[in-house]
Amino acid sequence: MAVILLLSGPNLNLLGTREPHIYGTDTLDDCIADARDAAEAHGHTVEHVQSNHEGDLVDAVQGARGRCAAIVVNPGAYTHSSFALADALAAYDGVTVELHLSNPASREEWRRTSVVAPYVTGTVAGFGRAGYRLAVEAAVARMGSA
């Protein structure tokens, strides 16, 4: 059994009420439950950390080193600005999946650049709540081939 760390960045605690026309009406708890179900179907567990504070997310990535087989991260707005989170992911040696509920490439120009993308195994974007299941499935698939 492996541990998959699920990281949720700023404002994701507001899912279900924040811009439902973009992010839907499902809550973060709904998304986490889907991720846990997907991981458990393969005999793995999910640990979840949500923070609106960059350093907390960096600490979580560092704490996953040597302990977690994979990280699924929805960095929220830190996708576009957190070189600290990017550096932490670069120092992590497991599978990493960047996750977005919406498709940043189809939104405002400033959302189209991900500073974490060069340091992740792959990206799942634009599938809403289903993306959480898809991201875990992708991580599990890569864990099996690693």
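Data for the structure
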| quantity | calculated |
| --- | --- |
| Selection count where residues are buried (at least 18 other Cβ atoms within 10 Å of the Cβ) and at positive phi, scope the stretch 25-81 | 1 |
| Within the stretch 1-24, considering residues that are over 25 Å from residue 65 (Cα atoms) and hydrophobic (A, V, I, L, M, F, W, C), the one surrounded by the most Cβ atoms within 10 Å (Cβ to Cβ) | 15 |
| Test: residue in the stretch 86-98 that is among the aliphatic types (A, V, I, L, M) and either under 18 Å from residue 126 (Cα atoms) or modelled with pLDDT under 95 (or both) | yes |
| Residue among 46, 97, 73, 3 that is of a type in the set (A, V, I, L, M) and without any contact (Cβ under 8 Å) to a residue 60 or more places away in the chain | 97 |
| Residue match in the stretch 129-138 (condition: in a loop (DSSP other than H, G, I, E, B), closer than 20 Å to residue 13 by Cα and of a type outside the set (Asp, Glu)) | yes |
| Filter result for the condition that a residue is surrounded by fewer than 19 Cβ atoms within 10 Å (Cβ to Cβ) and of a type in the set (A, V, I, L, M, F, W, C), over 139, 105 | 105 |
| Residue ID - modelled with the lowest pLDDT, chosen from residues in the stretch 101-113 that are in contact with a helix residue (DSSP H, G or I) (Cβ under 7 Å, 6 or more places away or on another chain) and closer than 20 Å to residue 136 by Cα | 104 |
| Selection status of residue 70, under 15 Å from residue 12 (Cβ atoms) and under 14 Å from the mean Cα position of the chain (by Cα) | no |
| The stretch 84-95, residues that are closer than 24 Å to residue 14 by Cα and surrounded by fewer than 24 Cβ atoms within 10 Å (Cβ to Cβ) | 84, 86 |
| Selection status of residue 58, β-branched (Val, Ile, Thr) and under 13 Å from residue 5 (Cβ atoms) | yes |
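The values are calculated or read from the model by the stated rules, or taken from the named source; none is laboratory data. Values in this document were obtained by computation on a predicted structure and should not be read as measured data. Backbone-built Cβ (ideal geometry, glycine too); neighbour counts: all protein chains shown.
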